[in-house]
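What follows is calculated from the coordinates using simple rules that are stated; it is not laboratory data. The structure displayed is predicted, hence computed values, not measured ones. Neighbour counts are summed over all protein chains in view; Cβ atoms, including those assigned to glycine, are modelled from backbone coordinates with ideal geometry.
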Amino acid sequence: MSDRGSERRRDRRVPVELWIEAEAGDELYFHRAANLSAGGAYFDKTIPEPAGKRVQMRFTLPGTSNEIRCQGEIVSSQEFAMGVRFVDLSVADRDSIERLLDQLTPNPG
C-alpha cells in the first residue's frame, strides 16, 4: 500500500465478514466486506464498480437489528476488489460502527 493511500485513511479498520447491499439506479449488488471502518468498507472477491461511482448502501451490523443506510463513493477499484467511502453516514450510525470496531479490536497487552 502506498504512503498516499495510508494518509487518506483516518479511521481504524478491522476484518469483518459482512454483506452490504449496494444500489445504483436499477442495479442491485450484494458485496462481502472484508474490512470495515467508520469511514468506509473494503470489498474483496467482487466485481468492482468504477472509481467515482456513487451507490446507495444498506447493511445491518452483527448483533444489531438497526439497518444502516448511506451513500457510498467508490474510491479505489482493482481486479476483484474495491474500496468504498461512506459519504453521508449519520452520527448515530457512525457511533454504532465504532462500537462494533471496539468489540472486534483486541485489547493491547
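Annotations for the structure displayed:
- Segment Arg54-Arg69, extension gain: residue separation times 0.36 nm, minus the distance between their alpha carbons: 4.1 nm
- When peptides 93-102, 63-72 are sorted by average Cβ neighbour count within 10 Å, with the highest value leading, the order is 93-102, 63-72.
- Listed residues Leu36, Val55, Ala24: farthest to the positive end of the dipole of segment 3-104 (Cβ charges): Leu36
- Computed over the Cα atoms of segment 3-104, pair by distinct pair, the Kirkwood hydrodynamic radius stands at 13.6 angstrom.
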